[in-house]
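This structure is in structure tokens; I'll ask about it shortly.
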Amino acid sequence: MIAHLAGYQVGFDDTGEGLPVVFLHGFPHDRTIWTSQRTSLSPQVRCIAPDLRGFGHSSSYGPFSMDQYADDVVALLDWLGIEAAVVCGLSMGGYITMAMWRRHPDRIRAIVFSDTKAGADSDEMRVRRDAFIALVRRDGSRTLADAQLEGMLGPESRARRPDVVNALRVMMARQSVAGITGALQALRDRPDSRETLATITVPTLVVVGEDDTLTPIHEARAIAEALPAAARVRIEIIAGAGHLPCVERPAAMTHALSDFFATLAEPV
């Protein structure tokens, strides 16, 4: 489906009924990374999976920033007539979720942080982002897909799941140069969100792949420890997964999400 919003478009899927849950993909992915969860969870909740600006079927022009991505998500909620939703953010989607909490806390019913972190880029990482921007502008999106692939998946997935490896490579390679370079700039310039965590007052689930090397377990635990009691935080470590449990161990990821969503209907 396509939503036409204030001069740009957002590609999205919207299936199921009940509690609305927005699934935000990471970098450089699109909404199809959540297909397994959307299919499995639609009988339980309303699953809304948008393509972020610059990815999939969404418009590929800027501005690009975590704040802009967050505002885009809220604009889609407005277009759909949804007052508040659970927001499930994977990696870069987690950074966007933190920006949404700063800018639009009343639109968030609960939070899932998957394989993400709260800190800003280090100086070394900013230099690497700039190098990737130059590489993609020169050689195209496939070069980034090849460079990122190993870090995205755990060793078990790389060794035993050629279907996942190939699907992820194709997904990353098909993204636009404009979307990738814009997102790299947004990642490079994003603010430190550690102080934001202490202000979160909605139920929060933190998920991380056991073998995630991009945002390791210690980053997930740092998020969980920084959240206040009001967040009623729980943490799930997905065995046999790297940075993308949603595609590496889809059933385990879906089970963790289903259990969490069920608690949202329970009295506090």
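The values are calculated or read from the model by the stated rules, or taken from the named source; none is laboratory data. Treat the numbers as computed from the prediction; the structure is a model and nothing was measured. Here Cβ is always computed from backbone atoms with ideal geometry, including for glycine, and neighbour counts include all displayed protein chains.
Restricting to segment 42-55, name every residue that is of a type outside the set (D, E) and surrounded by 22 or more Cβ atoms within 10 Å (Cβ to Cβ). Steps first, please.
Just the residues of segment 42-55 that are of a type outside the set (D, E), to begin with: 42-50, 52-55.
Those that are of a type outside the set (D, E) and surrounded by 22 or more Cβ atoms within 10 Å (Cβ to Cβ): V45, C47, I48, A49, P50, L52, R53, G54, F55.
(1) surrounded by fewer than 18 Cβ atoms within 10 Å (Cβ to Cβ); (2) touching a residue at least 60 places away in the same chain (Cβ under 8 Å); (3) touching a helix residue (DSSP H, G or I) at 6+ places or on another chain (Cβ under 7 Å): which one isn't true of W101, the others all being true?
(1)
Still on this structure, please answer the following. Name the residues in segment 212-268 that are surrounded by fewer than 19 Cβ atoms within 10 Å (Cβ to Cβ), of a type in the set (A, V, I, L, M, F, W, C) and within 16 Å of the chain's Cα centre (by Cα), would you?
L214
For segment 17-32, which positions are surrounded by 21 or more Cβ atoms within 10 Å (Cβ to Cβ) and either in a loop (DSSP other than H, G, I, E, B) or hydrophobic (A, V, I, L, M, F, W, C) (or both)?
Those that are surrounded by 21 or more Cβ atoms within 10 Å (Cβ to Cβ) and either in a loop (DSSP other than H, G, I, E, B) or hydrophobic (A, V, I, L, M, F, W, C) (or both): V21, V22, F23, L24, H25, G26, F27, P28, H29, D30.
Read through the list (1) closer than 22 Å to T215 by Cα; (2) in a strand (DSSP E or B), then give the number of the only condition that M98 fails.
The one condition M98 does not meet is (2).
For T116, which of the numbered conditions (1) buried (at least 16 other Cβ atoms within 10 Å of the Cβ); (2) over 25 Å from A226 (Cα atoms); (3) β-branched (V, I, T) fails to hold?
The number of the failed condition is (2).
OK, next. Quickly run through segment 159-181 and pick out the residues that are more than 18 Å from G62 (Cα to Cα), in a helix (DSSP H, G or I) and in contact (Cβ under 8 Å) with a residue 40 or more places away in the chain. Lay out the reasoning, then the answer.
Within segment 159-181, the subset more than 18 Å from G62 (Cα to Cα) is 159-174.
Still in the list and also in a helix (DSSP H, G or I): 159-160, 162-173.
Those that are more than 18 Å from G62 (Cα to Cα), in a helix (DSSP H, G or I) and in contact (Cβ under 8 Å) with a residue 40 or more places away in the chain: V164, A167, L168, M171, M172.
Evaluate segment 182-195: report whether one residue or more is free of Cβ contacts under 8 Å to residues at least 24 places away in the same chain and assigned to a helix (DSSP H, G or I). First the steps, then the outcome.
Step one: of segment 182-195, the residues free of Cβ contacts under 8 Å to residues at least 24 places away in the same chain are 195.
Imposing the further condition that a residue be assigned to a helix (DSSP H, G or I) reduces the set to 195.
So far as segment 182-195 goes, yes, one or more of its residues are free of Cβ contacts under 8 Å to residues at least 24 places away in the same chain and assigned to a helix (DSSP H, G or I).
Applying the selection to segment 105-153, what residues are in contact with a strand residue (DSSP E or B) (Cβ under 6 Å, 6 or more places away or on another chain) and either small (G, A, S) or modelled with pLDDT under 95 (or both)? It would help to see each step written out before you state the result.
If we filter segment 105-153 for residues that are in contact with a strand residue (DSSP E or B) (Cβ under 6 Å, 6 or more places away or on another chain), which is where we start, we get 108-115.
Listed by number, the residues that qualify are A110, S114.
Evaluate the following for D14: is it surrounded by fewer than 24 Cβ atoms within 10 Å (Cβ to Cβ), out of contact with any Gly (no Cβ under 9 Å at 6 or more places or on another chain) and not in a strand (DSSP E or B)? Explain how you work it out, then say what you get.
Working: surrounded by fewer than 24 Cβ atoms within 10 Å (Cβ to Cβ): yes; out of contact with any Gly (no Cβ under 9 Å at 6 or more places or on another chain): yes; not in a strand (DSSP E or B): no.
The answer is no for D14.
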